[in-house]
Amino acid sequence: MNRRYLSDEEIQGLNRNLRILVTTNGTLTRILNIVTADEIVIENIDQEILPDAPTPPDRGQLPKGRTLLRNVVLKGRYSGSSFVAAETSIVVDRVPPELIESLVNTDRPIGELLVASRIEFFKEAPEVWIGELPEWIVAPEYGISQHQALARRYTIIISGQPAIVITEHFLPEIFICCLNNDIAINKDIRPITAPRPKQ
């Protein structure tokens, strides 16, 4: 899978709203509510618990064991726009059972569920790159025709152990919301092609 990782300098060159989204250590859905001026809802595309299964290589380094895989799209309730495609891998035996139950039985964002659970957790600094979108999101029903996007991946540590890996792909509609008469990113992402003006 072809990826070009962004340096700290390149990340600082992003549009302000987009920079906040890719660097935030908080709850992404809450920030999306503000940036998009919409209410963010979760569309659960696919989820399954694989018994004694290794984590797919594309989802970071987690130990073998029971793994909950979850693919969702963060959408605007009123606009219907798809803003972020998220892939989550969770080591089932490293998180509280009630968190797994909530993920399986509700459409609430994982960040909100983590906060509500009151467990102590730590988010590692994210990797940020430009690369290919996963096949499950490049589909006619989402109107996603471009195959590359800005993405980030980070690991969540619980009780001193890596327990969750989340990959978030920022879809074309989020760039429209983030622009706000400013230029968002460099020439590697389409359809935004103009360079950021020098200060």
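The values are calculated or read from the model by the stated rules, or taken from the named source; none is laboratory data. Just so it is clear, the structure is predicted and the values come from calculations on it, not from any experiment. Cβ placement follows ideal geometry from the backbone for every residue including glycine, while neighbour counts extend to all protein chains displayed.
Which members of the stretch 121-136 meet the condition of being closer than 16 Å to A86 by Cβ, out of contact with any helix residue (DSSP H, G or I) (no Cβ under 6 Å at 6 or more places or on another chain) and of a type in the set (A, V, I, L, M, F, W, C)?
If the condition is that a residue be closer than 16 Å to A86 by Cβ, out of contact with any helix residue (DSSP H, G or I) (no Cβ under 6 Å at 6 or more places or on another chain) and of a type in the set (A, V, I, L, M, F, W, C), then W129, L133, W136 are the ones that fit.
Restricting attention to the stretch 1-25, which residues are within 15 Å of the chain's Cα centre (by Cα), touching a residue at least 24 places away in the same chain (Cβ under 8 Å) and not in a helix (DSSP H, G or I)?
Residue satisfying the conditions is N25 alone.
Does E9 qualify as being of a type in the set (D, E) and more than 26 Å from E135 (Cα to Cα)?
yes
Might you let me know whether the stretch 103-119 holds any residue that is crowded, with 17+ Cβ neighbours inside 10 Å, modelled with pLDDT of 90 or more and closer than 19 Å to Q47 by Cβ?
no
Please find, within the stretch 145-185, the residue that is modelled with the highest pLDDT out of those that are in a strand (DSSP E or B), more than 14 Å from the chain's Cα centre (by Cα) and polar (S, T, N, Q).
This residue is Q161.
Take the stretch 71-103 and flag every residue that is over 29 Å from F175 (Cα atoms) and either among the acidic types (D, E) or not in a strand (DSSP E or B) (or both).
The answer is V92, D93, R94, V95, P96, P97, E98, L99, I100, E101, S102.
Conditions first: (1) of a type outside the set (A, V, I, L, M); (2) out of contact with any Phe, Trp or Tyr (no Cβ under 7 Å at 6 or more places or on another chain); (3) within 20 Å of L150 (Cα to Cα). K64 passes all but one, so which condition is the exception?
K64 satisfies every listed condition except (3).
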